Amino acid sequence: MKERSKESTIKYYVVMALRSLADGMRTVLIPIMAANVTNADVGVAAATAVLRVPWLIFGLPSGVLIDRVHKRRLFLGGALCLSAISGAMGLAICEGKETLLVVLFAALLMGFLDVIMDNLAQIMPRLVFVKERLSEVNSKVSLILTIFAFLAGPIAAPLLFRFSGSGTWALIALLYALGGLVVMGLPGAWVPEADRHGSNLSGVLQELRSGMTWLWQHASIRTLALGSFGHNFFGGGTTALLVLLAEHTLHLGSTGYGLLIAASSLGATLASSITSRKSSFLRSRYLPVANFIIGASELTLGLVRFAPIAFLAMAGQGAATIIWNIITVTMRQHEIPEARIGTINGAYRFIAWSGMPVGAIAGGFVASAWGITTPFIVSGIAIMSLSPWLYKALVAPLLESRSKVLR
C-alpha cells in the first residue's frame, strides 16, 4: 500500500538525506586518498573512473535483480555493504594499509553497489507514493541531493579528513547504516511480482531484451534516454576539463574551480527550491528550454574570459540540469510499468551513462588538438542543436493531441 502520510514522507526524505551526505563525502574522499598514496595523475583519475565503470558492466542486469527481489531489503543490504566498506577504509587508515590498490578496490566495490542503490533511489518514489505526488517529491529530493551530496558532503569531508581520516570514514559508515535502517520502517510496494521468465540465464536475458524493447518502442522515454546520452557524451568531456579551464583560461586557480562548482550547485538549489513549490514548471514542454540553457551555458564557458559571466553560466547550467533531471525522472516513474520499473530504468540509465566515459576521452583528445575551450564550444553547439529535435519529439505531439480534442 502506498502512503500519503506525513510520517512516511519525512522518513523518505531522511533516508535520501543520509545517503546523499554519505555519497557526497565518499565521492570527495576517494580521489583525496588516491592522491595521498600516489603521485601519478593516472592513479588519481583511475580512482574516480572506477566508480563509474560498473554502470557499463552491471547497469542492465541490476535492473532485473531489482525487479525480482524485495526492494526494501535490497536497499538495506546495499546500505549495510556500503557501511562495511566505509568502515574497512577507516580501519585501513588506522593500520597504515591505505595503498592505491586498496583505494581502487574499495571504489570499484562501491561503484557496483551504487548501480543498485542509484536505480533503487530513482524508482523508490513510485513504490512509496501515489502518482499525484511524484513531481513534488522528486523536486524536494533534488533539493536534498544538491544540498547534501554536492554542497555539505564535499565541503565537510576534506575538513573532517584533516582531523581524522579513520573517523571521517566511520561517520560515512554510520550514515549509510542509519539510512538503511530508516528505510525498513517505510511502507510501500516493495514485494516483486511473480517471476515471469525464470531464474536461469535465458530468463534474465529475455527480461533484459523485453526491457530494452519496451524502452525503444515508447517514443518519449526513448527520446529522454538519447537526450541524456547526448548531455553525458558532450558534458562528460567538459566536466573533466573544467578544472583546466578555471586554472589556465579563466586564471581562477583551484579555489576558483571550487567556486564554479559551488555556483552550479547554487543554481541547482534555487531551481529545486522553486520547483518544489511550483510544480507547473515540471512539464515536458520545458525540456527543450532546459536543454537549450544547458548548451548555452557550455558555449558561454568556451567563449568568455570574464569570471563573473562564467559563474553565471555555471549557475544557469546547474538550474537547467536539475529541472531536466526532475522532469525526466518523473516521466519515467509515471510511464514505466511498476512491475518492470527496475529493468527499464536500469536500461535507461545504462544508455544515458554510457556517454560519459566516451565523451570524457573524446573531450581530452579535442582539447589536446585544438585547445581547452574547443570542447566547450563544440558541446554547447551540439547540445543546443538537440532542442528542435526534443520539441518535435516531446512537445509537438502534445500540442497536436490537444488541438484535436478542441476540435
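Which of (1) buried (at least 20 other Cβ atoms within 10 Å of the Cβ); (2) more than 20 Å from the chain's Cα centre (by Cα) is the odd one out, the single condition Val304 does not satisfy? Going through (1) buried (at least 20 other Cβ atoms within 10 Å of the Cβ); (2) more than 20 Å from the chain's Cα centre (by Cα) one by one, Val304 breaks only (1).
Annotation: Arg340 fulfils all but one of (1) among the basic types (Lys, Arg); (2) closer than 20 Å to Leu134 by Cβ; (3) at pLDDT 85 or above; the unmet one is (3).
Restricting the first member to segment 7-33 and to residues that are under 24 Å from Val128 (Cα atoms) and touching a residue at least 12 places away in the same chain (Cβ under 8 Å), and the second to residues that are small (Gly, Ala, Ser) and buried (at least 20 other Cβ atoms within 10 Å of the Cβ), the beta-carbon pairs closer than 6 Å and six or more apart or on different chains are Val15/Gly179; Leu18/Gly179; Arg19/Gly179; Ser20/Ala149; Leu21/Gly153; Asp23/Ala149. For segment 177-190, the set of residues classified as part of a loop (DSSP other than H, G, I, E, B) and modelled with pLDDT of 85 or more consists of Met184, Gly185, Leu186, Pro187, Trp190, listed by residue number. None of Ala396, Ala320, Ala313 is surrounded by 23 or more Cβ atoms within 10 Å (Cβ to Cβ), free of Cβ contacts under 8 Å to residues at least 40 places away in the same chain, among the small types (Gly, Ala, Ser) and over 30 Å from Trp190 (Cα atoms) except Ala313.
Looking at segment 49-142, the helices (runs of 4 or more DSSP H) lying wholly inside it that each contain 1 or more residues that are of a type in the set (Asp, Glu) sit at 53-68, 100-128.
The values are calculated or read from the model by the stated rules, or taken from the named source; none is laboratory data. This structure is a prediction, so every number in the text was calculated from the model and none was measured. Glycine also receives a Cβ, built like all others from the backbone with ideal geometry; neighbour counts cover every protein chain displayed.
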